[in-house]
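One structure is given here, and the rest of the page talks about it.
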Amino acid sequence: MLRDRTTFGICLAAAFGGALVFEVRAGGLDPSLWTDTVNDHAIVADCLDLDVCPTLGMGTSVAGVRIGVSWVQVLALARAAGLDLPACLLAMHALAALAAALGAAVAARVAGPVAGAATALASVLLTAGADYHRDVVYNSRMTFFLGALFLAALAAVASSRRGRDLVAATVVAAIATEVHALCGLFLVPLAWVAVRSRRRWTDGLLTIIGFATLVFALAPSSWIENVRGVLSSAGTWPGSAGGSAGIGTAEVAGLVATAAAIAAAARERDGTARPILAATAVLLATGLAAYWGARLAGAASASDKYLVPWFVPFAAALAMAAGSLLRIPRADAQAACRRGSGGPIAVAVCLALGAATAAAPVPIRSGRVTTFDTPALTFGDVAAAAESLRRRGWDDDKIARDLKGPEAASAVPAILLLAGPGAPEGPPAGDREAAVLFKVRPERLPGVLPGGFEVLSRDEDGAAVLVREDSRLDWGRFRACTSAPDGGGEECEDSGISRRPEGAFLRAFPKVPGVPADDREERVVTLRIPILPGAAREVRMPTLGGVCRGRIVAAGPPGVATADGERRARIDDGGGTGELVVAWHVRGQGCEVPSWSGFPPFFIEATPETADVLDRMLMQWWR
């Protein structure tokens, strides 16, 4: 027990305050446009507006596993309470800071208040290269908090051995599992601590039964489906997932933290510290064993995002192990406090660590950028685009059909969620007018914007740009075909991009018949798009990061359009009609997982002058 509660409180406040400042610096207050966020909020909109609420959860990158029933319920509750996305993002920043404080509290019990404050700094630094986005509202961010909350609950059980603490930890683990199935691994250290601390194997059995009962009761349909899915797809897991084979900061820190916690637990003799260290070691070892096992088996992509629930426990374990193995912080800090001289020193060190946490450099992959170091559109940018298009007379059908861009697959449903259903504010837009929405760094903006270019919003990352120009392509009616990579088994049907009717499930997502909605199967998707009469246009198939790269198959007839290789085509000035044929090899080179979204990928179609400007502005997207 810490002798100086004031020092303890100040150090925890420093950990929380420093982490909160860092979270806001790194993630901002306007959430980035993210596919998972759009998907989640489309489901929430259906749940609240149509009373069609999911009971199965969302699919995952692990075949046969569904997650997030409770996560959707949390989002629905937030929306029902009037919280918009920026408010949800701020709440997530606060929860992440609270997670750092919880980790600090656990570390302080073992190694003193200074070690607690160091935990917050370590939790920030450990995410430097991690696949963890602070600018996004999604359930992985919630697991950052839930992992820390479970660590605190587990430490309480290990040190107190009280039944009510074990019940509380079981409830935390069950709720965390309903937010993300990955947290189901918490059951292993929970059962271990139940047996170890209570000295009865029946307590471990009752813990497992209680956990399973709670998880099933919270979402029975989801877990019935999970069991079926896992059993049916287990044989197809190896080699099914992609990802880098490298090892990042979080993985190295996890291995070091686990080894250090085991060594410290073996050496520690303090009756409070030793069981906490041992329980933490089991928690870390379980997460790492499952992570590396899944990577080696190919059951999940090689991404450290699957370690997010263990980030704070990693940091706390490093701080606790350092204090325990060095045998300095706990005893010396308390003795100094009793003499009246250590309190101010400990407080000064904690405040310095809190300031260092707040001022820590923002990692590229944790900041407001996409995977390809490109500014991401935010929901604020999307709202500005919706307002501009409404003023131009665009209705929901036209937004679904004629808005393009590198992030259109997420931007279009996001606009329909934010701005629709609704009537256009201006006169009806011309049938031929199309628009391209994207974000560029400030240095990519021309000194003088050409006609049709509009800067919607600016922030420290870049400018959101909307480009309007008439199109020669008819996206309302085309022919969609799918075939095997060798061309066999081709199936075609009449198609076109349109908005789903009111009352339809996931009505915010445009409907594109004949185009596969997912990338689970390798295939070639071909669109035969009618060319309408009008002025000269160029079609360019750029190579953009995160965008499925296609090829131009054909353009014609002669005198109307001509293909110039697989990357360019020219549509001649005149009144003739023709056809542009474009194709994408889903799961093939240039269209690897997860760049296929089910929405026709972006390519440039504009006047030659506008196409040149777009090429220069979009060079940052090249890969």
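What shape does the stretch 544-623 take by its C-alpha gyration tensor, where a ≥ b ≥ c are the square roots of the eigenvalues and a/c under 1.5 counts as rounded, a/b above b/c as prolate, and the rest as oblate?
Numbers: a/c = 2.59, a/b = 1.46, b/c = 1.77.
Oblate, because a/c is 1.5 or more while a/b does not exceed b/c.
Quote the accessible area belonging to R391 in square angstrom, nearest 10, computed with a 1.4 Å probe and with ligands, DNA and RNA left uncounted.
Estimated to the nearest 10 Å², R391 gives 120 Å².
With every protein chain left in place, what is the accessible area per residue of the stretch 512-623 in square angstrom, probe 1.4 Å?
Details: 4630 Å² over 112 residues.
The answer is 41 Å² per residue.
Quickly rank 88-100, 109-121 as a protection proxy: mean count of other C-beta atoms within 10 Å, highest first. All intermediate terms of the calculation are to be shown ahead of the outcome.
Details: 88-100: 22.5, 109-121: 30.7.
Those peptides, ordered most packed to least, come out 109-121, 88-100.
Place the peptides 486-494, 149-157 in order of packing, highest mean first, counting for every residue the other Cβ atoms within 10 Å and averaging per peptide. Spell out each step's value before the answer.
Values: 486-494: 9.8, 149-157: 25.8.
Descending packing order for the listed peptides: 149-157, 486-494.
On average, how much accessible surface per residue is there in the stretch 449-510, in Å², for a 1.4 Å probe, leaving out ligands, DNA and RNA? The partial results should precede the final answer.
Details: 2960 Å² over 62 residues.
Heavy-atom accessible area per residue stands at 48 Å².
Tell me the per residue accessible area of the stretch 68-227 using a 1.4 Å probe; a whole number in Å² is fine. Working shown, then result.
On the way: 5490 Å² over 160 residues.
Roughly 34 Å² per residue, with all protein chains present.
To the nearest 10 square angstrom, how much accessible area does R616 have with a 1.4 angstrom probe?
Counting only protein heavy atoms, R616 exposes about 130 Å² to solvent.
Mind checking which lysines have their C-alpha under 16 Å from K404, skipping anything on the same chain fewer than 8 residues away?
Straight-distance partners of K404: K439, K511.
Using a 1.4 Å probe on the protein chains only, how many percent of the accessible area of the stretch 516-623 belongs to carbon and sulfur? Before the final figure, lay out the partial values.
Details: 2210 of 4530 Å².
Roughly 49 percent of what the probe reaches on the stretch 516-623 is carbon or sulfur.
Percent of accessible area on the stretch 105-198 owned by carbon and sulfur, 1.4 Å probe? If you can, show how the numbers build up before the last one.
Details: 1530 of 2350 Å².
Using a 1.4 Å probe with all protein chains present, the stretch 105-198 comes out at 65 percent carbon and sulfur.
The values are calculated or read from the model by the stated rules, or taken from the named source; none is laboratory data. From a predicted model like this one, the values you see are computed outputs, not experimental measurements. Because the Cβ atoms are built from the backbone with ideal geometry, glycine has one as well, and the counts that use them run over all protein chains shown. Each accessible area value is taken on the protein alone, full model and side chains, heavy atoms only, with ligands, DNA and RNA left out. Shrake-Rupley method; radii C 1.70, N 1.55, O 1.52, S 1.80 Å.
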